[in-house]
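Note sheet for the following structure.
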Amino acid sequence: MSMNSFGHLFRVTTWGESHGPALGAVVDGCPPNVALDEGMIQTWLDKRKPGQNKFTTQRQEADQVEILSGVFEGKTTGTPIQLLIRNTDQRSKDYGDISEKFRPGHADITYYQKYGNRDYRGGGRSSARETAARVAAGGVARAVLRELLPGLSITGYMVQMGPHLIDRTRMDMSQIDQNPFWTPDATTAAIWEDYLSALRKSGSSVGAVIEVVASGVPAGLGAPVYAKLDTDVAAAMMSINAVKGVEIGAGMGAATLTGEENADEIMMGPDGPVYSSNHAGGILGGISTGQEVVCRFAVKPTSSILTPRKTITKSGEETEIITKGRHDPCVGIRAVPVGEAMMACVILDHLLLHRGQIGENQGKIG
């Protein structure tokens, strides 16, 4: 299987399956002499790990990361960093009943059509379990960014679950870590709790929308054609399991605006250009403006549900399927730290590309 890597200079290759002995990532292109240890990466993995509350899968994985190479005496060496996360709570027997059936809405059928084989144990390589490796790699990226861009912050949060949106007038970023949905709207979090509890008890699932904001991104990252910053951000988010839509800034909403409404007017501030608004999501012509980079992505409902669904077997027979096991009723919850990790990897990758080609910004204003 090819195409398991992403990034240009900061390049990440993930490996492993949902029910294999382990999974992980190889991070290549990390600058040397960056402070890094397992605890710095574990902080982010702990946000993503399963079984933390009743609204996520009850699979109990510590997601303990091990650094096997690329770090010596607490600092990166500039060589490939090998990250290992062992699987310890697989229950492959839960999937025995579906070994010959394809789950509707899942990658089972396309995986089999393409490769001619299928790891039915939790989806194998197509499982969202793979995202643990991305979060670990994102932890490495954050460690580098902490030294190269100390003013950078990356924050993800849920803004919609099913038909229920947050009220942006109530947004309080201090609330994100205070509820199981990573949302800045405490009132909506209470509504979601009742809504998702009912869905979970019925054996169903629901989708969500996640917003990821990178603050402190300098102007000049990206390129105008094939290495647009927004292209790579969108591709990174779209590569996350179950993501079916991505937008930058105003996104699809920009189609409803007039030119006057959409244009982010430019003024001169004490430290350089400032903008009246941020419909562009911090990116113009593929290049960062210095504003917040704002991205949203939509996550579909978990396809493994207890409601009987019509499907076919590998031999082409029509049948029904019920997917047992331990699954997230809203996989969007644990997608929040994954989106943050992908943003960190993309920002660092483009920062290294920029430093390699340009060094410091060439166009001085004022």
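The values are calculated or read from the model by the stated rules, or taken from the named source; none is laboratory data. Only a predicted model underlies this, so the values are computations on that prediction, with no experimental measurement involved. Please note: Cβ atoms are built from the backbone with ideal geometry, for glycine as well, and neighbour counts cover all protein chains shown. Just the protein is used for accessible areas: all its heavy atoms, side chains included, with ligands, DNA and RNA removed. Shrake-Rupley method; radii C 1.70, N 1.55, O 1.52, S 1.80 Å.
Restricting attention to segment 269-308, which residues are open to solvent by 20 Å² or more (accessible area, probe 1.4 Å), in a strand (DSSP E or B) and under 23 Å from Ile358 (Cβ atoms)?
Pro273, Val274, Tyr275, Leu284, Ile287, listed by residue number.
Residue check: is Asp194 in contact (Cβ under 8 Å) with a residue 12 or more places away in the chain and either within 21 Å of the chain's Cα centre (by Cα) or open to solvent by 10 Å² or more (accessible area, probe 1.4 Å) (or both)?
Considered against the rule, which asks whether it is in contact (Cβ under 8 Å) with a residue 12 or more places away in the chain and either within 21 Å of the chain's Cα centre (by Cα) or open to solvent by 10 Å² or more (accessible area, probe 1.4 Å) (or both), Asp194 comes out as no.
For segment 1-13, what are the residues that are open to solvent by 10 Å² or more (accessible area, probe 1.4 Å) and out of contact with any Gly (no Cβ under 6 Å at 6 or more places or on another chain)?
Once the filter is applied, which keeps residues that are open to solvent by 10 Å² or more (accessible area, probe 1.4 Å) and out of contact with any Gly (no Cβ under 6 Å at 6 or more places or on another chain), segment 1-13 yields Met1, Ser2, Met3, Asn4, Ser5, Phe6, Gly7, His8, Thr13.
If only one of Leu284, Leu257 is touching a His at 6+ places or on another chain (Cβ under 8 Å), without any contact (Cβ under 8 Å) to a residue 60 or more places away in the chain and more than 21 Å from Ala344 (Cβ to Cβ), which one is it?
The match here is Leu257.
Output yes when any residue across segment 114-137 is touching a residue at least 60 places away in the same chain (Cβ under 8 Å), open to solvent by 40 Å² or more (accessible area, probe 1.4 Å), farther than 18 Å from Val294 by Cα and over 18 Å from the mean Cα position of the chain (by Cα), and no when none is.
Yes, that holds for at least one residue.
In segment 251-268, how many residues are part of a loop (DSSP other than H, G, I, E, B), touching a strand residue (DSSP E or B) at 6+ places or on another chain (Cβ under 9 Å) and surrounded by 14 or more Cβ atoms within 10 Å (Cβ to Cβ)?
Matching residues across segment 251-268 total 1.
Restricting attention to segment 322-341, which residues are open to solvent by less than 20 Å² (accessible area, probe 1.4 Å), aliphatic (A, V, I, L, M) and out of contact with any helix residue (DSSP H, G or I) (no Cβ under 6 Å at 6 or more places or on another chain)?
Ile333, Ala335, Val336
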